[in-house]
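Notes follow the structure.
The values are calculated or read from the model by the stated rules, or taken from the named source; none is laboratory data. Because the structure is predicted, anything quoted here is derived from the model rather than measured. Cβ coordinates were reconstructed from backbone atoms using ideal geometry, including for glycine residues, and neighbour counts include every protein chain displayed. Ligands, DNA and RNA are excluded from the accessible area calculation, which covers all protein heavy atoms including side chains. Shrake-Rupley method; radii C 1.70, N 1.55, O 1.52, S 1.80 Å.
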Amino acid sequence: MNFFFHLGRYVLMLKHCFIKPEKFYMYWKELFRQMVNIGVGSLGIISVISLFIGGVTAVQFAYQLQDTFVPMWWIGIIVRDSMILELAPTVTALLMAGKVGSNISSELGSMRISEQIDALDIMGVSTTGYLVGPKVMASMLVFPLLVIFSVFFGIYGGMFAGMSTNVVSPDEYVRGLQDGLVPFNVRVMLMKSVTFAFIISSISCYQGFFVTGGALDIGKASTRAVVFSCITVIIANFFIAALVL
């Protein structure tokens, strides 16, 4: 029963997120602020992690292929398709769940505990639409861009790792990158990124928006936001792969 209570309240929160705003300027300003916080603030960690993920993918597959008749330029294909289909969207989502999800939950939880949300309710502002809606929309707009950056950094990291360990030359690696790219894989990647963005932002907003108690409860809400977001992302990743691939 507790599960269905939270599920129903979560659905109602999402329903009230997309009502007509009182002042479009306020919502646009908050939307762009959230896009900057989520996108610019996360680009550094995404680039560093993706570089090393691409590098370790190239090195590991080079080790697996070294005693086979498979040409080494296949490493470019493997790194490219691995980053596009799985590593870039999933790893980016998990990183964002830990960074952005906990931040969103803590921000809303602090506003709830300090009664700022109640003050906005008294002023006639739709708190769900103003505080939750822009965060969800900003995440869905910015996450695909972060995933695209992750793919490029991962591919470059794979090439750099191949060059530095002498397992594949740049020409061979580029040949693999150019061989047999399937545009449908890119669409699946973007589908995953938008879905994961919605999951992480909405769950984190729910955990923070309805928090009760004190500072300790804000920390617990942030932890729940990260854990539930990561679990739901992994489950959604499986169903998307099973349905569209």
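Work out how much length residue 12 to residue 210 would gain on full extension: take 0.36 nm times their residue separation and subtract the Cα-Cα distance, in nm to one decimal.
Full extension of this stretch gives 70.0 nm more.
Can you give the longest run of the chain that contains no GluC sites (Glu not before Pro) sitting in a DSSP loop with at most 15 other Cβ atoms inside 10 Å?
In short, 116-245.
Quick one, which of (1) 17.4, 54; (2) 17.4, 49; (3) 20.8, 71 is the actual Rg and Dmax of the Cα atoms in Å calculated for this model?
(3)
Using a 1.4 Å probe on the protein heavy atoms, what percent of the accessible area of segment 1-120 belongs to carbon and sulfur? Mind dumping the intermediate values first?
Numbers: 4810 of 6780 Å².
Exposed carbon and sulfur together represent 71 percent of the surface.
Which FRET efficiency, nearest 0.05, do residue 19 and residue 115 yield, Cβ-Cβ r, R0 22 Å?
The computed FRET efficiency comes out at 0.45.
Which residue fluctuates most in the GNM of the chain (Cα springs below 10 Å): 26, 35, 13?
In the Gaussian network model the winner is 26.
What is the chain's relative contact order, in percent, from Cα pairs under 8 angstrom and six or more apart in sequence?
Computed over the chain, the figure is 34 percent.
Hey, can you find the accessible area per residue of the chain for me, probe 1.4 Å, expressed in square angstrom?
Per residue, the chain has 52 Å² of solvent-accessible surface.
As a check on your grasp of the helix formula, calculate [θ] at 222 nm for the chain: sum -39500 (n - 2.57) over DSSP H runs of n ≥ 4, divide by the residue count, round to the nearest 500. It would help to have the intermediate numbers written out before the result.
Values: 10 runs with 194 residues, N = 245.
The helix contribution divided over the chain gives -27000 deg cm²/dmol.
At 7 Å along Cα-to-Cβ for each site, give me the label-to-label distance between residue 122 and residue 145 in nm.
Between residue 122 and residue 145, the simple spin-label model gives 3.8 nm.
Cross-link list 20/220; 29/135; 99/192; 15/220; 99/135; 15/99: which exceed 23 angstrom alpha carbon to alpha carbon?
Those over the limit are 20/220; 15/220; 15/99.
In nm, to one decimal, how far is the modelled label at residue 60 from the one at residue 163, with both set 7 Å along Cα→Cβ?
2.4
Given labels modelled 7 Å from the Cα in the Cβ direction, how far is it in nm from residue 52 to residue 179?
In this crude spin-label approximation the distance works out to 3.0 nm.
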